[in-house]
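**Q** Got a structure for you, questions after.
Each value in this text was obtained by applying a stated rule to the coordinates, not by laboratory testing. Keep in mind that what you see is a predicted model, and the values were worked out from it rather than measured. FYI the Cβ positions are ideal-geometry reconstructions off the backbone, even for glycines, and counts take in every protein chain you see.
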Amino acid sequence: MMRFLAVVVSGLSLIAPGAHAFELANKIGLPKAEYFIVQHIYSGWWIVGLLLPLAFLMDVGNAVALRGDKTAMMLSIAAAAHRIGPCSPTIGKPCARSGSIRMRSTPR
């Protein structure tokens, strides 16, 4: 049951970032004013972001529950680490490898 819940919560937590990624190619060429108008389609999607901490907890719980199966445990730990890693939206730091467009608060 824990595996099923971890997969479902992880999948649900990827809905908003996935929607944004799929629409980015269509929005990137828009003029600035139109781009910000289109951004309003994401109004209220912050609620989906509340699933990120829950998905992290589910990954950790899954790792604990699966400590007898080393491969599954390591995959759960990797999933949990990815959620709080340097490229994670919950940390707010840009990821140099992905070419993130998030702005830094300090100069490079």
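**Q** Under the classification rounded if a/c is under 1.5, otherwise prolate if a/b is larger than b/c and oblate if not, where does the range 1-40 fall, given a ≥ b ≥ c as square roots of the Cα gyration tensor eigenvalues?
**A** Numbers: a/c = 8.19, a/b = 3.83, b/c = 2.14.
It is prolate, given that a/c is not under 1.5 and a/b is the larger ratio.
**Q** What's the ranking of 29-37, 53-61, 67-75 by average number of surrounding C-beta atoms within 10 Å, highest first?
**A** 53-61, 67-75, 29-37
**Q** OK, next. Taking a quarter of the surface of the convex hull around the Cα atoms of the range 2-84, what do you get in nm²? The partial results should precede the final answer.
**A** On the way: hull surface 24.6 nm².
In nm², the orientation-averaged hull projection of the range 2-84 is 6.2.
**Q** Quick one: putting +1 on the C-beta of Lys and Arg, -1 on the C-beta of Asp and Glu, what dipole do you get for the range 2-84 around its Cα centre, in Debye to the nearest 20? Can you show the working numbers first?
**A** Numbers: 6 positive and 4 negative charges, 35 e Å.
That gives the range 2-84 a dipole magnitude of about 160 debye.
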